1. Please name all residue pairs, on different chains or six or more residues apart, with Cβ atoms under 7 Å, provided the first residue is in region 35-60 and is on the phi > 0 side of the Ramachandran plot and the second residue is near the ligand (Cβ under 8 Å from one of its atoms) and at pLDDT below 95.
2. Scan region 72-85 and tell me whether some residue there is over 16 Å from the mean Cα position of the chain (by Cα) and acidic (D, E).
3. Return the total of residues in region 135-156 being within 13 Å of the ligand (Cβ to nearest atom) and either out of contact with any helix residue (DSSP H, G or I) (no Cβ under 8 Å at 6 or more places or on another chain) or under 14 Å from L50 (Cα atoms) (or both).
4. Does region 57-92 hold any residues that are among the basic types (K, R) and out of contact with any Pro (no Cβ under 7 Å at 6 or more places or on another chain), and which are they?
5. Could you grab me the full set of residues in region 118-134 that are away from the ligand (no atom under 15 Å from the Cβ) and of a type in the set (A, V, I, L, M, F, W, C)?
6. What pairs can you find where one residue is in region 102-114 and not in a helix (DSSP H, G or I), the other is not basic (K, R), and their Cβ atoms are less than 7 Å apart, with a gap of 6+ or different chains?
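The values are calculated or read from the model by the stated rules, or taken from the named source; none is laboratory data. All figures in this text were calculated on a predicted structure; none of them were measured in a lab. All Cβ positions, even for glycine, are placed from backbone atoms using ideal geometry, and neighbour counts span all protein chains on display.
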Amino acid sequence: MTAAHGEQSAVRVFYACVLPLQLRPEVGEIARATARRVHGRPVPADNLHLTLAFIGEIASSRLPTLIDVGAMQRGGAMTLVLDRLGGFKRAGVAWLGSSRPPVELGRFAAALARALVAAGIARDERPFHPHVTIARRCHVSPDEQPIGPYSWGIDGFELLQSETGREGARYRRLAKWPLTIEPEHPER
Ligand code: 2AM
């Protein structure tokens, strides 16, 4: 059956914060240098991102729900200081992360996860470890080490569709939302 006859097409999607343009040249260079060192594939600078919630394959008919869930989220801008380089050995990836990720980032990802459950969307249950993957298919796992620091002012998030082509993954933005809401009850 073809899509025209009612078959549901599936898409692979996730919510993420995309690395801002001004950090891409430097982090892209770190990605290339790290990939050389660990015999892996660097993530192209324009693909660098931090995943907030991974959905995976889902019927494209559910996209409006995913867009509604994204639009419902409220949060303020936050600063993520990328100051660690490390690897997930089993996954064969190298990443940049933070020794002190802002608590709001974990809270935001948790709220998004809850909203997805409430909307009946199955989501990957892995605990949230904020990181930016910089290289894949690494043959060696880099020792965790300090890097930068690179200060990332996170002021929005996106719903991305992942398409795998011959040259690797390509991400298409399906929706984007700002993070500009002041907290109602700021913590003292
Ligand atoms: P990774 O960079 O750590 O591999 C697009 O594939 C994004 O979704 C990547 O950032 C990837 O994380 C993340 N991702 C892929 N599969 C995932 C899974 N099963 N659980 C959580 N995140 C996943």
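1. Within 7 Å, the pairs are G56/D124.
2. yes
3. Total meeting the criteria: 3.
4. Once the filter is applied, which keeps residues that are among the basic types (K, R) and out of contact with any Pro (no Cβ under 7 Å at 6 or more places or on another chain), region 57-92 yields R62, R74, K89, R90.
5. The answer is A118, A119.
6. P102/M78; P102/T79; P102/L80
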